[in-house]
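Take a look at the following structure, please.
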Amino acid sequence: MKYRSLNANAPMVDFREATIRGQAPDKGLYFPMQIPQLSNSFLEALPSMDKTALALQIMQPYVGESIDTNSLEQIVKETVDFEFPLVKINQDIYSLELFHGPTLAFKDVGARFMSRCLGHFSKAAYNKTTVLVATSGDTGGAVANGFLGVDGVEVIILYPSGKVSPVQELQLTTCGQNIKALEVMGSFDDCQAMVKDAFMDKDLNGHLSLTSANSINVARWLPQQLYYFFAWQQWLQMGFTTAPVIAVPSGNFGNLCAGLMAHASGLPLQHFIAACNINDAVPAYLRTGQYQPKTAIPTISNAMDVGSPSNFVRILELFAQDHQKMAATMKGFTVSDAITQQTIAAVYQQYGYILDPHGAVAYYALESFQNNHPDAKGIILETAHPVKFPETVEAAIGKSIPIPASVLPLFQQSKKSVHMQANFAALKEWLLAQ
Ligand SMILES: *Cc1c(COP(=O)(O)O)cnc(C)c1O
């Protein structure tokens, strides 16, 4: 498989180079030259395939010759080494729980896959790669956990001081080894700007081999397709004969765009719902045909506080820049904080199910869609465990959330971070001294 830059001004590359670079030299996002098509025999075998075999079949065409089959099988096995249960909330709405990985959010799959691919490549090249990543919360933990102990890869995570939840902060500051956390005295936008400046800086790029670990990177983006296959398998096992509508809580739109890739390769899903908080550039585009990125506004579903979603260009590409085509497959909804909070409370009272704020945005969007499509049954992607957002969730349900056993050891550890002023000069000085 070859990848081209969506800015169309850079050479084509293979999977290995796309992963190592992150972004093309012309600042474009990489996009596969073809979308592999699923065969009928694959679709027939799918309901009973085990996760590793399925993941290998889906990822192999995208990886191509960059990784041999045995190594890739080991990589995907470790990537999907936990549960992805489809849980019934009520007659019409099911929850695909993507929070059973080590850091309790869906980003674990992408981070584990990417880290192992990069580890594989750096083993072959004998040179060290430095992953530099800004996080508003969940990415940091997933990347820290995914890359922990991976030979040949150093990880540096920038996070905004005081603006991530206690569980999120412990997850990204307690790993040690090859993981370092920089606690920036500023906002998430400041962290992201510092990282972007670093990728542009000649001195730093001469000194370090830098790459990013957000969903711009094909190795983090593409494995997210697997969720939709796991959903479909369980949907069939439950006895449904018509395809579900899928509601995806979205920020940077990597997850939803991965679902669209699975759909384009032949996975029979009915319709996609782009569920956003008030940072709703994509729902607004779906309504009006006008795309206007904005500055992000903070909300209680903070992992979706993105004003200018990076993966929107990939979605445009998938629909050949055609607004009508896109609007025929996707519908957007905007959900306020007040409604998100009410939804968490109502779903808990009526069905005993505890949503996290991101899942709640998806739930409300799906329910709104079903008001006009009463026959449509659907699935929300529950992207994080509610314990990652205790203040919001506990206020809504009126009691404390049981802490999963896997999180308890975190509270025994102490945070290790390097404090840093929110400017690029401080980051550069620190990086050059590494
Ligand atoms: C990152 C994240 C999202 C948004 O995913 P995108 O792929 O950026 O659209 C949604 N929910 C949670 C909990 C997240 O961590």
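The values are calculated or read from the model by the stated rules, or taken from the named source; none is laboratory data. What you see is a predicted model, and the numbers here were worked out from it, not measured in a lab. Every residue, glycine as well, gets a Cβ built from its backbone with ideal geometry; the counts of neighbours run over all protein chains shown.
Out of (1) more than 14 Å from the ligand (Cβ to nearest atom); (2) over 23 Å from Ala18 (Cα atoms), what's the single condition that is false for Ala219?
Of the numbered conditions (1) more than 14 Å from the ligand (Cβ to nearest atom); (2) over 23 Å from Ala18 (Cα atoms), the odd one out for Ala219 is (2).
Among the candidates Leu269, Leu256, single out the residue that is touching a strand residue (DSSP E or B) at 6+ places or on another chain (Cβ under 6 Å) and surrounded by fewer than 24 Cβ atoms within 10 Å (Cβ to Cβ).
On the way: Leu256 fails: surrounded by fewer than 24 Cβ atoms within 10 Å (Cβ to Cβ).
Step by step, each of Leu269, Leu256 is checked, and only Leu269 is touching a strand residue (DSSP E or B) at 6+ places or on another chain (Cβ under 6 Å) and surrounded by fewer than 24 Cβ atoms within 10 Å (Cβ to Cβ).
Checking the condition under 15 Å from the mean Cα position of the chain (by Cα), within 14 Å of the ligand (Cβ to nearest atom) and surrounded by 15 or more Cβ atoms within 10 Å (Cβ to Cβ), which residue from Pro249, Pro283 passes? Outline the logic, then answer.
Values: Pro283 fails: under 15 Å from the mean Cα position of the chain (by Cα).
One residue alone meets the criteria, Pro249.
Another question, then. What are the pairs, 6+ residues apart or on separate chains, where a residue within the stretch 239-262 that is hydroxyl-bearing (Ser, Thr, Tyr) has its Cβ under 8 Å from a residue that is within 10 Å of the ligand (Cβ to nearest atom)?
Note: pairs meeting the criteria are Ser250/Leu256; Ser250/Ala274; Ser250/Ala275; Ser250/Cys276; Ser250/Val282; Ser250/Met304; Ser250/Pro309.
State yes or no: is Val313 closer than 26 Å to Leu98 by Cα and at pLDDT below 95? Outline the logic, then answer.
Working: closer than 26 Å to Leu98 by Cα: yes; at pLDDT below 95: no.
In short, no.
Restricting to the stretch 179-222, and then to whatever is closer than 20 Å to His419 by Cβ, in a helix (DSSP H, G or I) and among the small types (Gly, Ala, Ser), can you tell me which residue is nearest to the chain's Cα centre (by Cα)?
This residue is Ala193.
Now for a different question. Which of the residues spanning the stretch 156-166 are over 18 Å from the mean Cα position of the chain (by Cα) and either assigned to a helix (DSSP H, G or I) or buried (at least 20 other Cβ atoms within 10 Å of the Cβ) (or both)?
Ile156, Pro160, Pro166, listed by residue number.
Within the stretch 319-336, can one find any residue that is among the aliphatic types (A, V, I, L, M), crowded, with 17+ Cβ neighbours inside 10 Å, within 11 Å of the ligand (Cβ to nearest atom) and modelled with pLDDT of 95 or more? Before the answer, list the steps.
Step one: filter the stretch 319-336 for residues among the aliphatic types (A, V, I, L, M), giving 320, 326-328, 330, 335.
Within this subset, residues satisfying the condition of being crowded, with 17+ Cβ neighbours inside 10 Å are 326, 330, 335.
Right, trim to within 11 Å of the ligand (Cβ to nearest atom) and you get none.
No: zero hits.
Of all residues in the stretch 137-155, which are assigned to a helix (DSSP H, G or I) and either free of Cβ contacts under 8 Å to residues at least 12 places away in the same chain or not polar (S, T, N, Q) (or both)? Working first, answer last.
Step one: filter the stretch 137-155 for residues assigned to a helix (DSSP H, G or I), giving 138-147.
The answer is Asp138, Gly140, Gly141, Ala142, Val143, Ala144, Gly146, Phe147.
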